1. Considering only protein heavy atoms, what per residue accessible area in square angstrom results for the chain with a 1.4 angstrom probe?
2. Expressed as a whole percentage, what fraction of the accessible surface of region 68-150 belongs to carbon and sulfur atoms when a 1.4 Å probe is rolled over the protein heavy atoms?
3. Highest first, please rank the peptides 48-55, 123-130, 138-145 by the mean number of other Cβ atoms sitting within 10 Å of their residues.
4. In the P(r) worked out for the chain, what percent of Cα pairs fall beyond 25 Å?
5. If you count, for each residue, the other Cβ atoms within 10 Å and average over each peptide, how do 7-19, 149-161 line up from highest to lowest?
6. How big is the charge dipole of the chain about its Cα centre, in debye rounded to the nearest 20, if each Lys and Arg gets +1 on its Cβ and each Asp and Glu gets -1 on its Cβ?
7. Given Cβ point charges of +1 (Lys, Arg) and -1 (Asp, Glu) and nothing else, what value in debye, to the nearest 20, does the dipole of region 44-124 about its Cα centre take?
8. Select from Ala50, Ala70, Gly158 the residue farthest towards the positive end of the dipole of the chain; place +1 on Cβ of Lys and Arg, -1 on Cβ of Asp and Glu, and compute about the Cα centre.
Amino acid sequence: MHGNSWTDIGTALGVTRQAVQQRFHAPHKRYSPEMMTDELRQAMTHVKQAAVHHRNNYIGTEHLLWGLTAEDNSATRLLQAAEVSPETVHRSVGTRLSMGASQAAERIAWTPYSRKAIDIAEARSERNDSGRIDCDDLLIGLAQVGRGVAADVLAEAGFDPATLDTPTADA
């Protein structure tokens with residue numbers, strides 16, 4: 001964004017060019033707001049606010065889970081159905097958000113686990129014949145990635161998507 005090459009960034013961070021690209025490269029697929037429900041668009045506002053507030057130049061699974069549990073939506077209702085407190089999950093992920101050293105840019109890169117979670121969410125919404133990705137889709141995606149802060153917080157809270165995520169039956 002500032003004209004530096006991936007090699008220059010890798011050298012500055014003491015890692016390879018490839019490691020920098022994998023960690024900070026933008027999602028391969030751009031998800032437009034039209035691909036998301038109103039609830040997910042609102043949650044994404046909280047996601048970006050969390051990254052900016054914590055001076056993170058990336059969106060990790062922790063930011064996504066923070067945004068999903070910031071207010072009532074299909075993800076918090078799914079957690080409640082699984083007898084998991086959304087407030088407890090929100091507080092737990094909040095304790096794991098760390099302050100970064102950089103000022104977040106306007107366009108913040110997604111981590112590989114975050115990209116994988118949104119890919120899983122999109123596939124789930126397609127399986128359910130939904131035209132748009134919803135908050136519960138992304139929550140399931142975060143849990144199914146199986147790695148990252150969000151997966152750890154959800155597992156510790158006792159959230160098991162395998163018991164909830166059954167294919168939608170046709171009427």
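1. Details: 9370 Å² over 171 residues.
Ligands and nucleic acids excluded, the figure is 55 Å² per residue.
2. Roughly 45 percent of what the probe reaches on region 68-150 is carbon or sulfur.
3. 138-145, 48-55, 123-130
4. On the way: 4549 of 14535 pairs.
Across the chain, Cα pairs with separations above 25 Å total 31 percent.
5. On the way: 7-19: 13.0, 149-161: 18.8.
The densest-packed peptide leads the list: 149-161, 7-19.
6. Values: 17 positive and 22 negative charges, 186 e Å.
Charge dipole, the chain, about its Cα centre: 900 debye, nearest 20.
7. For region 44-124, the charge dipole is close to 240 debye.
8. The listed residue farthest towards the positive side: Ala50.
The values are calculated or read from the model by the stated rules, or taken from the named source; none is laboratory data. Since this is a predicted model, take the numbers as computed values, not measurements. Please note: Cβ atoms are built from the backbone with ideal geometry, for glycine as well, and neighbour counts cover all protein chains shown. The area values use the complete protein model at the heavy-atom level, side chains included, leaving out ligands, DNA and RNA. Shrake-Rupley method; radii C 1.70, N 1.55, O 1.52, S 1.80 Å.
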